[in-house]
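The values are calculated or read from the model by the stated rules, or taken from the named source; none is laboratory data. None of these values were measured; they are calculated from a predicted model. In this analysis, Cβ positions are derived from the backbone assuming ideal geometry, glycine residues included, and neighbour counts consider all displayed protein chains. Ligands, DNA and RNA are stripped out before the accessible areas are found, and what is left, the full protein with its side chains, is counted by its heavy atoms. Shrake-Rupley method; radii C 1.70, N 1.55, O 1.52, S 1.80 Å.
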Amino acid sequence: SRAALFEGGDKVKVTFKDVAGLEEAKEEVQEIVEFLKNPSKFTILGGKIPKGALLVGPPGTGKTLLAKAVAGEADVPFFSLSGSDFVEMFVGVGAARVRDLFKQAKAKAPCIIFIDEIDAVGRSRSKGSMPGGNDERENTLNSLLVEMDGFGTDSGVIILAATNRPDTLDSALLRPGRFDRQISIDKPDINGRTQIFQVHLKPLTLGTDVDAKKLSAQTPGFAGAEIANVCNEAALIAARRDKKMITNQDFTDAIDRVIGGLEKKNKIISPGE
Ligand code: ATP
């Protein structure tokens with residue numbers, strides 16, 4: 001029932017300052033930003049800009065956010081697509097969707113194509129493929145490979161893809177000229193969490209006892225998505241309590257709630273434990 005074949009083609013407002021921490025990753029994608037801003041400056045010297053880079057890391061760590069920020073920094077259109085959308089698809093639709101996406105992206109170049117959960121479509125073709133069961137996924141993967149090979153870096157389209165399972169990817173995707181660069185996006189350490197809290201606390205009305213450092217010490221193992229969640233929950237809790245500002249107590253309760261949610265999720269994933 002989805003009207004659009006894929007999302008985007010619009011400019012985005014996200015920039016690097018919205019992405020807390022991840023300094024090394026930002027440095028690695030800076031080259032892509034420079035290229036998108038001025039493709040001819042690079043191609044005229046015969047330099048080879050990568051066509052694609054793989055953002056590798058656990059869920060909620062900011063892979064999508066970083067990809068958007070690359071487009072935002074370069075002020076170019078952002079197209080996105082999720083590998084999981086292809087899982088239940090009629091024959092021919094996945095491959096057609098990929099072709100259509102590349103066609104539109106080329107028309108709007110320079111631009112970014114972002115493929116989330118690429119492992120859903122890019123799983124190794126030999127390993128674990130059920131006979132006859134994965135034809136459509138393979139068709140889609142093949143059309144992705146064909147499209148990637150069919151344009152040069154001078155087309156000005158850069159493809160970023162995200163996965164938390166790089167080991168399962170078909171090696172064809174990782175060959176030179178395809179996703180030959182991997183950028184790792186790890187869960188934040190205590191300083192990274194402090195920086196992420198600072199970004200998400202900024203728009204909130206806070207009591208004087210709220211401290212990003214203290215909150216990051218209370219949230220070991222949290223990814224950015226969970227931290228964003230904590231900040232939003234704290235605001236909702238404070239509102240329900242008819243408060244004029246959000247205090248440390250609201251955050252402590254929000255953290256408990258988010259931890260509760262995570263535990264429930266883990267129970268569903270590993271029943272009987
Ligand atoms: P998934 O693998 O589940 O798609 P992801 O790695 O793409 O996750 P995002 O969708 O980018 O994660 O992150 C979800 C949200 O969490 C972001 O929109 C943002 O609000 C917050 N977030 C995650 N990482 C960061 C970060 N480094 N700085 C600021 N906010 C972050």
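Using every pair of distinct Cα positions in segment 131-217, the Kirkwood expression returns a hydrodynamic radius of 17.1 angstrom. Put a dot 7 Å past the Cα of Lys13, heading toward its Cβ, do the same for Ala217, and the two dots end up 3.6 nm apart. Using the Cβ-Cβ distance between Thr252 and Glu27 with R0 set to 45 Å, the FRET efficiency from 1/(1 + (r/R0)^6) comes to roughly 0.80. Under a model in which nothing but the beta-carbon of Lys, Arg (+1) and Asp, Glu (-1) is charged, segment 144-273 shows a dipole of about 440 debye around its Cα centre. Accessible surface for the chain, divided over its residues, is 52 Å² per residue with a 1.4 Å probe. Computed from the C-beta positions of Asp167 and Arg241, the FRET efficiency with R₀ = 30 Å rounds to 0.05. In the chain, helices alone account for a calculated mean residue ellipticity at 222 nm of -14000 deg cm²/dmol, with every DSSP H run of four or more residues adding -39,500 (n - 2.57). Convex hull of alpha carbon positions in segment 167-214: directionally averaged projected area 5.5 nm².
Once neighbouring chains are kept in place and the probe is 1.4 Å, which whole percent of the accessible area of the chain is contributed by carbon and sulfur?
Heavy-atom surface of the chain belonging to carbon and sulfur, 1.4 Å probe: 52 percent.
Compared with the direct C-alpha span, the chain from Glu34 to Asp75 gains 13.7 nm at full extension, assuming 0.36 nm per residue.
Give me the Kirkwood hydrodynamic radius of segment 49-112 in Å, from all C-alpha pairs, to one decimal place? After inverting the mean inverse Cα-Cα distance, the result is 13.5 Å. Computed about its Cα centre, the charge dipole of the chain is approximately 380 debye, with only Lys, Arg, Asp and Glu carrying charge at their Cβ.
Taking every alpha-carbon pair in segment 167-261 and binning the separations at 10 Å intervals from zero gives 15, 41, 18, 13, 10, 2 percent. FRET efficiency for the pair Val146 and Lys265, taken as 1/(1 + (r/R0)^6) with r the Cβ-Cβ distance and R0 = 45 Å, rounds to 0.75. For segment 3-58, the fraction of C-alpha pairs farther apart than 13 angstrom is 73 percent.
For the chain, find the longest principal axis of its Cα atoms and tell me its angle to the long axis of helix 248-269, 0 to 90°, nearest 10. The two axes meet at around 50 degrees. Annotation for segment 192-220 versus segment 1-77: alpha-carbon center distance of 27 Å. Any lysines with Cα under 30 Å of the Lys264 Cα? List them, leaving off those in the same chain fewer than 8 positions away. Output for Lys264: Lys63, Lys187, Lys202, Lys213, Lys214, Lys243. Within the chain, the longest run free of exposed loop sites, counting trypsin sites (Lys or Arg not before Pro) that sit outside DSSP helix and strand states (H, G, I, E, B) and have at most 14 other Cβ atoms within 10 Å, spans 128-240.
Which value results when the Cα radius of gyration for the chain is divided by 2.2 N^0.38 Å?
Relative to the 2.2 N^0.38 Å estimate, the chain comes out at 1.11.
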